[in-house]
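K.L.:
The structure under discussion is supplied below as structure tokens; questions concerning it will follow.
The values are calculated or read from the model by the stated rules, or taken from the named source; none is laboratory data. Computed from a predicted structure; not experimentally measured. Glycine gets a Cβ as well: all are built from the backbone with ideal geometry, and neighbour counts include every protein chain shown. Protein only, heavy atoms only, side chains kept; ligands, DNA and RNA dropped before computing areas. Shrake-Rupley method; radii C 1.70, N 1.55, O 1.52, S 1.80 Å.
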Amino acid sequence: MSRPAIIVENLSKKFRIGTSGGPGYHRLSEMLTGLPRYAYNQFFPRRSFEPTALAAGPTENSLTNGSPSSESSTSLSPDACNLIPSPDFWALKDVSFEVQPGEVVGIIGRNGAGKSTLLKILSRITEPTSGRFGVRGRVASLLEVGTGFHPELTGRENIYVSGVTLGMTRAEIKKRFDEIVDFSGVEKFLDTPVKHYSSGMQVRLGFAVAAHLESEILIVDEVLAVGDGDFQKKCLGRMRSLRTQGRTVLIVSHQMQVVSSLCSRVLVLTSGALQYDGAAIEGVNHYRGSASAGQSHVFDSRLMNKRIGDHVAELHRAWLSNSAGEQSGVFDLSESITIEMDYSIHQDVDKVAFPNFHVFDESGEYVFCTAASSTQLGPFRQRRGHYHASCVIPPHLLNAGTFTVGVALTSLNPGLSVSFFERDALQFQVTEDFDATLDNQRHGYASRVPGPIRPDLDWRIDRCETVSSE
């Protein structure tokens, strides 16, 4: 068995919320309110304390120890000791795993789960508080838009700057220069300063440089979401080709379709801890299940103790119900689904205020968006008051799976404005009775039917006596 490309053992990273020393400047009000504490500390000084020391920078092909070192621990200055230490926040807690050469591993989790912190440690941008890690081979990292770019330099100049930052030699950059430019698609603006580039252009150029570095390990944070669809496809194709070349890829993404199609393995982080390490499809399902915990088929703003909306309109409540009028979060393929909401319009609008619902699939992609028409709104399109809106998703439209519903109200008053949009207000599941569909509709096919929708369309089958030659 080959030696691992990446080894992580009990890796932890602690941050201190706030700064122990405070800013280097103060407002007059802060100085005045701090005088009593300053006077108290002059008569009753507190003992100094020692912060946790960080590890030295890692070296290639070796495990980096992040445990505290007594030699690098220092006492704080008397001024710093006058401040009460802030609470500690553990971005990572005892994370351990190995990555074999040639693996494409996805790292997923909610915002703040520790994904980017882990990549920064592996990229040697930040140091661990404890634990150790090792990487075998050269690492190329793309952790943010325009890594290593200087805004005043042109795209051409920044290719060299970014390439050197990522560890390429000038000869390597010159050899791959044309490939990088062609891949990025910014040839027309190559001699324009990158400060005039859009974020999409910057990420295309940055990824192009990182993807053409002859490194054994490529680390990519959630930057592909900035690019357009065609460029994302090009990036995914490039990473697949790197996998066939035996390169190792770590990728952080909130796009579950990307993770499922590209990665052979997934790590799921929750509050800094590794919750799952295994096959990609099962990992994505595990994450979806944990991410949807707490979501419901009923949304009530009163229970949240906050007002949702603006001076034009306000959302009170939203829910899902079946054909019998009962609130529910589980529906069969053959059932209709009713989306309902109560809201208020606080003032008359010049043109129209219309409710709209947005349905997303398990990967967060749009399935459809629906809004009330002018005819359906009738005389209530402009007037203030309390309203109830509902629409029905017909049976045999959605496929089996988990869906979320965003509820919104948009007004033309006269410009377009959104009074509220709760993107993941509701969640429901569509189930399937296999005994009813396996023979009649599936014809014995037992695997998942692809796609978020599965309409029951009218088919017509005719037998032709002869086959046309055209």
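K.L.:
What FRET efficiency do you get for Val392 and Ser296 if R0 is 22 Å and r is their Cβ-Cβ distance, rounded to the nearest 0.05?
P.N.:
Details: r = 20 Å, r/R0 = 0.91.
That pair, Val392 with Ser296, gives E of 0.65.
K.L.:
Here's another thing I want to ask about it. Taking the Cβ-Cβ separation of Thr375 and Phe177 as r and a Förster radius of 56 Å, what is the calculated FRET efficiency to the nearest 0.05?
P.N.:
On the way: r = 59 Å, r/R0 = 1.06.
With R0 = 56 Å, the Cβ-Cβ based efficiency is 0.40.
K.L.:
Obtain the radius of gyration and the Kirkwood radius of the range 92-203 from its C-alpha atoms and give Rg over Rh. Mind dumping the intermediate values first?
P.N.:
Working: Rg = 16.6 Å, Rh = 16.3 Å.
My calculation puts Rg/Rh at 1.02.
K.L.:
For the range 367-423, state the average projected area of the convex hull of the C-alpha atoms over all orientations, rounded to one decimal in nm².
P.N.:
On the way: hull surface 21.0 nm².
Reported value for the Cα convex hull: 5.3 nm².
K.L.:
Cβ under 12 Å from Arg302's Cβ, Arg302 left aside: what net charge do those residues give with Lys, Arg +1 and Asp, Glu -1? List each step's numbers first, then the result.
P.N.:
Values: positive: Lys306, Arg307, Arg317; negative: Asp300, Glu314, Asp342.
Net of charged neighbours comes to 0.
K.L.:
Using square roots of five times the C-alpha gyration tensor eigenvalues, list the equivalent-ellipsoid semi-axes of the range 341-442 in whole Å, biggest first. Walk me through the numbers before you get to the answer.
P.N.:
Details: eigenvalues 224, 39, 23 Å².
Working from the Cα gyration tensor, I get semi-axes of 33, 14, 11 Å.
K.L.:
Further question on the same structure: Output the peptides 241-249, 211-219 sorted from most to least packed, where packing is the average of other Cβ atoms within 10 Å over each peptide's residues.
P.N.:
Working: 241-249: 16.3, 211-219: 21.1.
Those peptides, ordered most packed to least, come out 211-219, 241-249.
K.L.:
Right, next: By per-residue mean of other Cβ atoms within 10 Å, what is the highest-first order of 149-156, 369-376? Please report the intermediate quantities before stating the final value.
P.N.:
On the way: 149-156: 16.4, 369-376: 12.4.
Order by mean packing, descending: 149-156, 369-376.
K.L.:
What number comes out for the charge environment of Leu190, summing +1 per Lys or Arg and -1 per Asp or Glu over other residues with Cβ under 14 Å away?
P.N.:
Numbers: positive: Arg156, Lys188, Arg204; negative: Glu157, Asp178, Glu179, Asp182, Glu187, Asp191.
Local net charge: -3.
K.L.:
Continuing with the same structure: What does the extension gain come out to for Thr431 and Gln100, with contour length at 0.36 nm per residue minus their alpha carbon separation?
P.N.:
Numbers: separation 331, 0.36 × 331 = 119.16 nm, distance 3.80 nm.
Full-extension gain reported as 115.4 nm.
K.L.:
If you don't mind, there's one more thing I want to ask. In what sequence, largest accessible area first, do Trp459, Trp319 appear using a 1.4 Å probe?
P.N.:
Working: Trp459 215, Trp319 25 Å².
These residues rank, largest area first, as Trp459, Trp319.
K.L.:
Right, another one. At a Förster radius of 35 Å, what calculated FRET efficiency corresponds to the Cβ-Cβ distance of Asp88 and Thr165, to the nearest 0.05?
P.N.:
Working: r = 32 Å, r/R0 = 0.91.
The calculated FRET efficiency here is 0.65.
K.L.:
Which net charge results when you count Lys and Arg as +1 and Asp and Glu as -1 among the other residues whose beta-carbon is under 9 Å from that of Ser141?
P.N.:
Details: positive: Lys120, Arg124; negative: Asp221.
Summing Lys/Arg as +1 and Asp/Glu as -1 gives +1.
K.L.:
Starting from the 7 Å offset along Cα-to-Cβ, what nm value, one decimal, do you get for the label separation of Arg16 and Arg110?
P.N.:
The modelled label-to-label distance comes out at 2.8 nm.
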